[in-house]
Amino acid sequence: MNIILLSGGSGKRLWPLSNSVRSKQFLKILDKGDGTKESMAQRMYRMIKKVDPNASIVIATSQDQVPQIKAQLTDDVRISVEPERRDTFPAIALACLFLKKNGVDVNEPVVVCPVDPFVEQDYFEKIGYLAKRCGEANLTLMGVEPTYPSQKFGYIIPETKEIVSRVSTFKEKPDEKVAQLYIDQGALWNCGVFAFKLDYVLDITRQLLDVDNYDDLYQKYGTIKKISFDYAVVEKEKDINVVRFSGQWKDLGTWNTLTEAMKEAVSGNASSIQSKNTHVINELSIPLLVLGVDNAVVAATPDGILVCNKDKADELKSYVNENRPMYERREWGEYKVLEYRLHQDGNNVLVKELIISEGKHISYQRHRKRTEIWTFTDGIGELIINGKTRNVQRGDTVVIPPLEKHAIKGITELHIIEVQMGDELTEDDIERLDWKWD
């Protein structure tokens with residue numbers, strides 16, 4: 001079974017817990033059952049492998065999410081990387097050409113599904129069922145039995161109430177009044193899961209994008225119109241079946257739905273006293289106390305602080321601005337931005353806390369526009385400066401001027417306070433010279 005997991009999202013609906021590089025699917029808030037927590041991405045990957053150990057999984061995502069995926073899953077996970085975000089049809093087309101390039105036969109079934117729903121094992125069993133039935137129509141959708149007239153989902157109106165039915169009508173995201181009319185007609189939610197033979201999407205890619213090669217599509221990707229798979233393909237297809245799914249399915253895309261899936265109401269260095277239906281999350285080192293506040297979400301992270309009535313949570317996205325992420329998880333560890341100051345003389349200052357995981361390392365790199373000062377506060381590491389290697393430990397300090405080649409590896413978990421100074425302090429000012437430590 002070939003599965004394409006779509007991993008996207010801007011993170012605005014769950015600000016400040018998520019951002020453009022730390023989307024909801026990477027938040028470790030789900031109880032794994034053994035006393036530990038896992039993310040939606042980890043749970044999806046684990047459950048697919050549980051149902052089908054031989055499943056071939058490809059994750060379609062943008063470059064800024066690759067470090068999170070590799071850190072949370074496995075280093076050898078297969079990833080189809082978008083050069084830039086162009087919505088779900090281009091992403092799926094690129095992933096299908098990725099499968100073809102990697103030897104998948106064009107007659108094999110492919111199932112596409114989001115990486116972030118909250119579901120149980122019957123959902124994954126249904127995915128396998130979809131793969132088996134996909135040859136009976138050009139496109140086979142999974143339809144979830146709706147519980148209310150939501151404006152967030154597309155609606156599938158089947159011809160019958162059988163487990164597998166022909167599709168009479170497919171409509172994308174109507175208003176609430178029209179959604180209720182669809183439900184009265186027996187409509188199902190479109191949960192973004194569909195199956196097809198690989199050659200089906202390859203043919204459409206040739207027709208709509210005039211391309212039949214992964215490398216060619218990758219090169220012209222930035223010129224492609226942003227359009228969803230639903231609009232580009234599903235609404236135009238006449239030969240569609242739908243498989244009915246009546247199990248648990250939740251889109252944890254808002255604070256209301258996310259907190260419903262959280263086992264504890266308080267997380268981190270926080271307390272909630274005399275408060276009803278209130279969830280508190282604190283990722284900061286300072287204590288957070290919530291007293292006598294009902295029906296609210298209180299979240300404090302390096303990206304900001306949110307105090308929000310749950311009745312207003314769906315409006316959050318429109319008030320969140322695009323800012324530099326203050327926390328990122330990378331393949332080598334993680335970092336937090338502690339302070340960012342802009343000065344009139346142009347010599348700006350950015351302070352980070354870096355944690356390099358044991359045995360991991362950053363790339364051998366240099367910067368053109370900034371000086372870095374590293375102060376090692378805990379652990380033992382191996383430092384390379386211009387090809388020369390030495391060990392470092394707590395209390396050591398290193399100054400790295402512009403253009404000086406450098407890399408650091410954690411012999412143990414290594415903590416560093418990094419001070420950047422320069423007129424342009426961006427993640428783009430990195431020239432990576434080598435990824436391999438040896």
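Couple of notes before you dig in:
- Scattering profile of region 195-234 at q = 0.21, 0.27 Å⁻¹ [log10 I(q)/I(0), Debye over alpha-carbon scatterers]: -0.71, -1.09
- Across every direction, the projection of the convex hull enclosing the Cα atoms of region 380-430 has a mean area of 3.9 nm².
- Structure remark: mean-square fluctuation, Gaussian network model of the chain, C-alpha springs under 10 Å; the largest value among I384, I286, I227 belongs to I286.
- What you get for region 332-434, charging only the Cβ of Lys and Arg (+1) and of Asp and Glu (-1), is a dipole of about 280 debye around the Cα centre.
- Gaussian network model of the chain, springs between alpha carbon atoms under 10 Å - residue of D87, D311, D199 with greatest fluctuation: D311
- Just so you know, the averaged projected area of the alpha carbon convex hull for region 264-311 sits at 3.0 nm².
- The dipole here belongs to the chain: it is taken about the Cα centre, uses +1 on the Cβ of Lys and Arg and -1 on the Cβ of Asp and Glu, and is about 180 debye.
- Computed over the chain: relative contact order in percent, which uses C-alpha pairs under 8 Å that are six or more apart: 14 percent
- Reachable lysines, given that their alpha-carbon falls under 16 Å from the alpha-carbon of K250 and they are not under 8 places away in the same chain: K24, K126, K152, K263
- Reducing region 375-438 and region 62-88 to their Cα centroids gives an inter-centroid distance of 25 Å.
- Normalised contact order of region 264-311, rounded percent, pairs of Cα under 8 Å and 6 or more residues apart: 31 percent
- With q set to 0.20, 0.21, 0.22 Å⁻¹, the log10 of I(q)/I(0) for region 332-434, from the Debye formula over equal scatterers at the Cα positions, is -1.03, -1.13, -1.23.
- Along its three principal directions, the equivalent ellipsoid of region 210-271 from the Cα gyration tensor extends over semi-axes of 39, 22, 10 Å, largest first.
- Within the chain, helix-based [θ] at 222 nm, where runs of 4 or more DSSP H residues each add -39,500 (n - 2.57), nearest 500: -5500 deg cm²/dmol
- In summary, the helical segments of the chain meeting the span-like criteria, namely a full DSSP H run, a Cα extent along the axis of 15 angstrom or more and a mean Kyte-Doolittle hydropathy of at least 1.0, are 88-101.
- When the Gaussian network model of the chain links Cα atoms closer than 10 Å, the mean-square fluctuations of I356, I411, I29 top out at I411.
- Shape category assigned to region 2-251 from the gyration tensor of Cα positions, a/c cut at 1.5: rounded
- Computed over all pairs of different Cα atoms, the Kirkwood value for the hydrodynamic radius of the chain is 23.9 Å.
- Taking a Cβ cut-off of under 14 Å around P174, the surrounding Lys, Arg, Asp and Glu residues balance to a net charge of -2, with basic ones at +1 and acidic ones at -1.
- Lysine pairs meeting the criterion (Cα under 14 Å, 8 or more apart or interchain), as found in region 332-434: 5
- In units of the compact-protein estimate 2.2 N^0.38 Å, region 186-331 shows a Cα radius of gyration of 1.50.
- Value in Å of the Kirkwood radius, where region 1-145 supplies the Cα pairs that are averaged: 15.9 Å
- Over all pairs of different C-alpha atoms, region 132-223 has a mean inverse distance whose reciprocal, the Kirkwood radius, equals 15.0 Å.
- Computed over region 224-302: relative contact order in percent, which uses C-alpha pairs under 8 Å that are six or more apart: 20 percent
- Phi to ³J(HN,Hα) by Karplus 6.51 cos²θ - 1.76 cosθ + 1.60 over region 25-38, Hz, x for Gly, Pro: 5, 9, 7, 7, 10, 9, 6, 7, x, 10, x, 10, 10, 9
Values quoted throughout were computed directly from the atomic coordinates according to the rules given, and no laboratory measurement underlies them. As the structure is a computational prediction, the values presented were derived from the model and not from experiment. Because the Cβ atoms are built from the backbone with ideal geometry, glycine has one as well, and the counts that use them run over all protein chains shown.
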